[in-house]
Amino acid sequence: MDRRQFLFASSASAAAWSVRAATGSALVAVAANFAKTAEGLLPMFEASTGYQITLSSGSTGQLYGQITNGAPYDAFLAGDQARPALLAQAGLSLNRLTYARGLLVLMQAEGGASEASLQGDFNHLAIANPALAPYGLAAKQALEKLGLWQALEGRIVMGQNVGQAYALVASGNAELGLVARSYAPAGHWPVPEAYYAPILQDAVLLRENPAAAAFLEYLNTEAAQATIRAAGYGAL
Amino acid sequence: MSWPDLAPLWLSVQLAGVTTALLLIIGTPLAWWLATTRARIRPFIEAITALPLVLPPTVLGFYFLILFSPNSTLGGLWRDAIGATLTFSFTGLVLASALYSLPFMVQPLQSAFEAVGRGPMEAAATLRAGKLDAFINVAMPMARRGFLTGTVLSFAHTIGEFGVVLMVGGNIPGQTRVISIAIYEQVEVLDYAQAHALSAVLLTFSFTVLLLVYTLNRRAPVRVG
């Protein structure tokens, strides 16, 4: 890309977000674990404020990489606190708040998982990639705490994010999976919270955008928090 | 800067090698049949063969995820016979890659066989060569550019495979963690130094292989007649 093209491309993307800001819409990146929950919050938020939010989901690591490379998001609902902190350090965020506390559970394709399932006869345990996804890191910590991380080597399979880990179990390819409680069906085993560092999820505002700012504010209202807890997250 | 872990590259080379060998075995008779048949079903088989060119890898990956699952007929039979699932295994990746790269083998071979035409085969038959004899000693040498192109394209296409592996591989080191997945992960965790190193190795490797093939292809012109 030469200089002129570069200037054109950056001014085009700048134009795109100033248009969004002016028309009361926002583009929000959301960690895979929270995507369904965020979607569930939108109707109420949009109806009461008149703003419009478009969501893009991915793994927290992937979205962070996109944002540091100039992705046009107005806000970012991360799956951890580390990436939002890095964005703040780099001067890329305007405002930061904690909106959810994630919970890790063990699920089984056929239902009825328990702590003993991890000792049982199975071929594959699906987790999110610990290097990319906060729930993957929590899964690794929990398995280390249980003294199983080494023993299960070769049987652990990784999805790029917690949604893919869930899909590997739901499709029957892996018998067990450590996933977000927001994903798991009934009959899962809640992993004791002492086994992993708290999965506190932070949201950051990336650009001056009234719709995005209002959405972040809305996340901490009692109504939104009740919906978030009902979706399988812990109390803040 | 530390040296990159080259195991994913080696795994990709093995996957591409095994897949290409399998495709030579499956693709040769299929391409010959497509080049010579007058059956009405031919356009259907041609369309099916070309599908992986058009379908996004996510669609293939999604269907493989369903097909390989022990809950499906194929996945269930496989698990009962072998004791392991096709997903998350090297064997599973070979099967998925063979379908994914099928058109890259079959189409060049089919064109090459069509260019051979009926004449040389009929000439061989009048000299009392058996059908297989004529195929091996007449058609195959004449179609050797097709074999070269098909082999290189299948190999290269499989080295570059990403989407399907991402969906059914499970990122297991030494089994399914191929080079494209390793690079993707390094980019995601912002380890740009390692990503640069592996990408440069892959770029150099791919260019060298292609250069070698085009050079050899020039030195060995096909003699017809």
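Over chain A, DSSP H runs of length four or greater, each weighted -39,500 (n - 2.57), average out per residue to a 222 nm ellipticity of -12500 deg cm²/dmol. Per residue, the convex hull spanned by the Cα atoms of chain A measures out at 133 cubic angstrom. Taking label points 7 Å from Cα along the Cα-to-Cβ direction, B:N217 and A:E193 give a separation of 6.3 nm.
The dipole here belongs to the protein assembly as shown: it is taken about the Cα centre, uses +1 on the Cβ of Lys and Arg and -1 on the Cβ of Asp and Glu, and is about 1680 debye.
The tail of the calculated P(r) for region B:7-219 beyond 24 Å holds 51 percent of all Cα-Cα pairs.
How about region A:127-195: which GluC sites (Glu not before Pro) there are in a DSSP loop, with at most 11 other Cβ atoms within 10 Å of their Cβ?
Here the sparse-neighbourhood loop sites are A:E153.
Between B:A50 and A:V19, the distance separating the two model label sites (each 7 Å from Cα on the Cα→Cβ line) works out to 3.7 nm.
Sorted ascending by nearby beta carbons within 10 Å, beginning with the fewest, B:I172, B:I25 become B:I25, B:I172. Among the chymotrypsin sites (Phe, Trp or Tyr not before Pro) found in region A:133-235, those both in a DSSP coil and sparsely packed, with 16 or fewer other Cβ atoms within 10 Å of their Cβ, are A:W149. The trypsin sites (Lys or Arg not before Pro) of region B:109-138 that DSSP puts in a loop, and whose beta carbon has at most 13 other beta carbons within 10 Å, are B:R128.
Extending 7 Å from the Cα toward the beta-carbon at both B:V201 and A:E153 defines two label points whose distance is 2.0 nm.
How big is the Kirkwood radius of region A:178-236, worked out from every pair of different alpha carbons and given in Å to one decimal? By the Kirkwood definition, the hydrodynamic radius is 13.6 Å.
Its Cα gyration tensor gives region B:1-114 an equivalent ellipsoid; the semi-axes, largest first and in whole Å, are 28, 21, 13.
Projecting the Cα atoms of B:P141, B:A84, B:N71 onto the dipole axis of region B:68-225, where Lys and Arg carry +1 and Asp and Glu carry -1 at the beta carbon, places B:P141 farthest toward the positive end. Across region A:104-190, Cα-Cα pairs farther apart than 21 Å form 14% of the total. With neighbour counts taken as other beta-carbon atoms within 10 Å, the residues B:V54, B:V164, B:V18, A:V169 rank, fewest first, as B:V54, B:V18, B:V164, A:V169. Working note: 222 nm ellipticity from helices only, DSSP H runs with n ≥ 4, each -39,500 (n - 2.57), summed and divided by the residues of chain B, gives -24000 deg cm²/dmol to the nearest 500. Return the whole-Å distance between the Cα centroid of region A:164-217 and the Cα centroid of region B:1-50. Centre-to-centre distance over Cα atoms comes out at 39 Å. All alpha carbon pair distances within the protein assembly as shown were sorted into 20 Å bins beginning at 0; the resulting P(r) in whole percents reads 21, 45, 27, 7, 0.
Each reported figure results from applying straightforward, stated rules to the coordinates on display, with no laboratory input. Quick caveat: nothing in here was measured; it's all calculated off a predicted structure. Cβ sites come from the backbone with ideal geometry, for glycine too, and all protein chains shown count toward neighbours.
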